[in-house]
1. How much net charge surrounds Phe119 when only other residues with a Cβ under 11 Å from its Cβ are counted (Lys, Arg +1; Asp, Glu -1)?
2. Testing the spin-label approximation: label points 7 Å from Cα along Cα→Cβ at Ala114 and Val386. State their distance in nm.
3. Taking only C-alpha pairs under 8 Å that are 6+ residues apart, what is the relative contact order of segment 135-237 in percent?
4. Give the accessible surface of the chain per residue, rounded to a whole number of Å², with probe radius 1.4 Å and ligands, DNA and RNA excluded.
5. Which residues does the label zone of Arg187 cover in segment 78-103, counting backbone N under 20 Å from a point 7 Å along Cα→Cβ?
6. Largest first, what is the accessible-area ranking of Arg226, Arg102 with a 1.4 Å probe?
7. Ordering Glu364, Glu176 by accessible area with a probe of 1.4 Å, largest first, what comes out?
8. Would you be so kind as to identify which of His161, Ala245, Gln234 lies farthest towards the positive end of the dipole of the chain, taking Lys and Arg as +1 and Asp and Glu as -1 on Cβ and the Cα centre as origin?
Amino acid sequence: MTQGARNTPGRRTVLGAAVLGSAAVALPATARAASAQAAERPRAGHGSPRPGLPVPTIVGHRGTSGYRPEHTLGSYQLALDMGADVIEQDLVPTKDGHLVCRHENDITGTTDVADHPEFAGRKTTKIVDGVSITGWFSEDFTLAEIKTLRAKERIPANRPHNTLYDGHWEIPTYEEVLRWAEDEGRRRGRPVWLYTETKHPTYFRGIGLGLEERFAKLLRRYGRDRADAPVFLQSFEPDSMRRMARLVDAPRVVLLDAAGTTPWDFKVAGDPRTVDDLVTPKGLAWLASFAQGIGPTLDLIIPRDASGRLTEPTTLVRDAHAEGLLLHPYTMRNENTFLPADFRRGSDPNAYGDAFGAFKAYFETGIDGIFTDNADTGLLARADFVSR
């Protein structure tokens, strides 16, 4: 991926344009013509146009995990109440095949499982996607057992205020989230959008707990399997989204890890391509044959130098839009430790920096949306940006 000049659009409209005939977002002026041509080419899983989301779309990362323990109904509810456009879930299975919302199948750091003596014998070491991990794992517990646990803050050193809510919420199933979204949608008179990831799908398929079929069954049950459904599907493994394309028509997004890394399904299959190959025009064209968007790391949009400061944007936004792909990069957080060095303020790594400045820098590249732990900050940053 080559470096390119900064693309600085003017006033952004909060409207929608068809993304491959299904999801709707507006594109920056520099990519609009190329994207229109790309949209005319056939793509997998097309549906009819649907009303658009605001652009840049603000995605509540694991709910609003800057303020509540992640992947709890409390975190999701607060994100929705703040006004997040879309709310994210990550899915892992239980021993008896239920899908629950956890960022990882290692539940050691996000639940109080270590405080349950009855589960002390479940602690073990496993190799997940080539990494040795010691802890407690969702696939070793039935749903009934998972429901005896309570969620806690994952990074208490960075967010000690979130520990106030440790133990307040149980671990939600994805079906409970779907029901919650239905209820909130009826109450508000508009759909509640979800953004749902399959976690470690190759690993789980290898132990007989395949995610995609279970995921698709729930989407069909709750009417979110159609191309116009208020949901995005996502995975770091392209093959998982290819599988989902055969099961449902809901729009799909391939997540892209850091430059030089390799998706785990590629490693297992012996595919030599890396993320560097996928962000080339050829790689993006391949992704566009079964996906409607990509979710790159923010560093793939604007790399950082050795001091952690932003450099020049790459051509990824322009190149992806040329293939009709939307871009929802991840993840913006308010704390200094997570911000580019340009926007850190003071010496406390856990104090808030100039998050608004960082949001603006990323919005100016023409991205279609962004994941953030702080939905309220993202929404205000967008309001500032589109009102210029």
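The values are calculated or read from the model by the stated rules, or taken from the named source; none is laboratory data. Predicted model only: the values in this text are computed from it and were never measured. Cβ coordinates were reconstructed from backbone atoms using ideal geometry, including for glycine residues, and neighbour counts include every protein chain displayed. These area figures cover heavy atoms from the full protein model, side chains too; ligands, DNA and RNA do not enter into them. Shrake-Rupley method; radii C 1.70, N 1.55, O 1.52, S 1.80 Å.
1. On the way: positive: Arg122, Lys123; negative: Asp112, Asp115, Glu118, Asp140, Glu145.
Computed value for this residue: -3.
2. Computed distance between label sites Ala114 and Val386 equals 4.3 nm.
3. Numbers: 79 pairs, mean separation 21.3, N = 103.
Answer for segment 135-237 is 21 percent.
4. Values: 14780 Å² over 388 residues.
So the chain comes to 38 Å² accessible per residue, rounded to a whole number.
5. 78-89
6. Numbers: Arg226 120, Arg102 5 Å².
Listed by decreasing accessible area, they come as Arg226, Arg102.
7. Numbers: Glu364 20, Glu176 50 Å².
These residues rank, largest area first, as Glu176, Glu364.
8. Towards the positive end, the residue furthest out is Ala245.
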